[in-house]
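Below you'll find the structure, written out as C-alpha cells, and then a few comments.
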Amino acid sequence: MSCGTGDCSTCEVSENRGCGVSSVFDWLYQIEPSKINHNQLVEVQFKGDRKGYYINSENLKLKKEDIIATQADKSGHDIGTITIIGDLVAMQMARKKINTDKTPLKKIYRVATEKDIKTWKESISKESEVLEVAKKTIKEFKLDMKLSDVEFQGDNTKATFFYIAEKRVDFRALIRKYSSLFKVRIEMRQIGARQEAAKIGGIGSCGRELCCSTWMTEFPPVSTSAARYQQLSINPQKISGQCGRLKCCLNFELDGYTEGLQHFPSAKIRLKTKEGEAKFVKLDVFKQLMYYYNPVDPSAELLAMHIKSVQQLIELNKKGSVPETFSDFVEKTTEDNTNLEKVITEQSLYRFDKKTKRKRSERRKIFKKSKIKARKKHRTDNG
C-alpha cells in the first residue's frame, strides 16, 4: 500500500519499511510506547471516598473486589479493595492529571492474608470508639475545630484524623495526647465542609443520596448568582445542602439557564401602554415568558408575555408609539395546562381498579351463611 507521495527517494521510512503495494505504513512508529503497562495499573478503594492508584509490578493474579495489601505513604502497608484494573485506570489517571514521572506509583505487595484481614477488621471496629474519645479530648483542650472522621491504616500502625476548622489550629499538644492514648502514629488532615459531607454521606432534599458521596470527585465553587440566574429565592434554608454550604446541584443546569437568558430582553425596561407602565416581576426560561405587574390592578393576575411580544412592545415604545392596552400582547392560557393539573391532582390512584357492586340479595346470602357457621361453631364448642 503506497503512502501517496509518489516519490520514495525522499521518504524517510522507505529504506527500512518499504513502500510497496502490499506494505503497510506504521504511523505510530515515532511515538514512544508508555513506560507503564496498562494491564499492571490498579485502582484501589479504601474507607469512604478515598481511592489510590497502584502498579502491580509483581504481576500478581488480581481481579476486581480482591482485598490486597498495598504500599503505605511512609511506612507499613495499607489494606484496600480493587475497583478497576487495566486501561480504565489509565483513563482515570489522565482525567485526574496524575503524572507518574513526578510521583511514581506505589506498589502492591500481595493479596491480603487472613492475618492482614483480621488486623484490618480490628482497626475498623475500634474507629467509632476512638472518634468519641478524640472528640472529648478536643473539648478538654478547648480547640476551635470539629473532628469529623478517623481512619486507621490497614496494619493498625497509623491513625488519620479528619477535621474542619475556620482558622489555623495549633494541635501539637493534642497530637502528643492522641499518641499516648492510642499508641499509634497520628496524622491530622484538614478538610472542607463538602469533603466532610462526602465522607459521612446522607440524603439530600431531592430524596436521593448526596451527589458528593456517590459520583462527584471535584467540588467547584458555587455562588449565589447561580441561584439568581435560575430565578430561585435566596433563602439559605432552601439553597443550602447537608454540608451547610450552597448546593452543588445549583451548578448543574446553570449553563442551560445562562444560554437561555441571552434571548431575553432587559428586566429593567418598563413596558408602556395607555393603561400605564408595567414593571417586571419574574420570568420562565423554558416557556420563554416574562411576567409583569398589571398597572390597572396590581392585585390582579400577573401579565404573562412571550419574549417576542415583549421585544415588539419595547420597539414600539422606542419609536414613541404607545399601544392602547396590554391585552394584545398577553399570552392566553391554554387548556393543556389545566388538563395537566387535573391529571396530576384530581385523578385517583384507584381509577383503574374494577369497582364491583354486589346486589342486595347476594349480601343477604353471605350474611346468612356467616350466621349459620357461627351457630354451628357455638354448638360444637358447648357440645
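The values are calculated or read from the model by the stated rules, or taken from the named source; none is laboratory data. All of these numbers come straight from a predicted model, not from anything done at the bench. For neighbour counting, all protein chains shown are included, and Cβ atoms are generated from backbone atoms with ideal geometry for every residue, glycine included.
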Of all the residues that make up the stretch 64-123, how many are assigned to a helix (DSSP H, G or I), surrounded by 15 or more Cβ atoms within 10 Å (Cβ to Cβ) and under 28 Å from the mean Cα position of the chain (by Cα)? 4
For the stretch 277-303, which residues satisfy the criterion of being in contact (Cβ under 8 Å) with a residue 12 or more places away in the chain, part of a loop (DSSP other than H, G, I, E, B) and over 30 Å from Arg194 (Cα atoms)? Lys279, Phe286, Gln288, Tyr293, Asn294, Pro295, Val296, Leu302
Looking at the stretch 142-161, is at least one residue under 28 Å from Arg245 (Cα atoms), outside any helix (DSSP H, G or I) and among the hydroxyl-bearing types (Ser, Thr, Tyr)? yes
Within the stretch 170-180, can you find the residues that are surrounded by fewer than 16 Cβ atoms within 10 Å (Cβ to Cβ) and over 22 Å from Asp78 (Cα atoms)? Asp170, Arg172, Ala173, Arg176, Ser180
Residue list for the stretch 250-276, restricted to those being polar (S, T, N, Q) and assigned to a strand (DSSP E or B): Thr273
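Based on what the data block shows, is Thr83 under 26 Å from Gln45 (Cα atoms) and in the same structural domain as Tyr53 (by TED's automatic domain parsing)?
Values: under 26 Å from Gln45 (Cα atoms): yes; in the same structural domain as Tyr53 (by TED's automatic domain parsing): yes.
For Thr83, the condition - under 26 Å from Gln45 (Cα atoms) and in the same structural domain as Tyr53 (by TED's automatic domain parsing) - is met.
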Among the residues of the stretch 201-249, what is the count of those that are assigned to a helix (DSSP H, G or I), surrounded by fewer than 15 Cβ atoms within 10 Å (Cβ to Cβ) and over 10 Å from the mean Cα position of the chain (by Cα)? 6
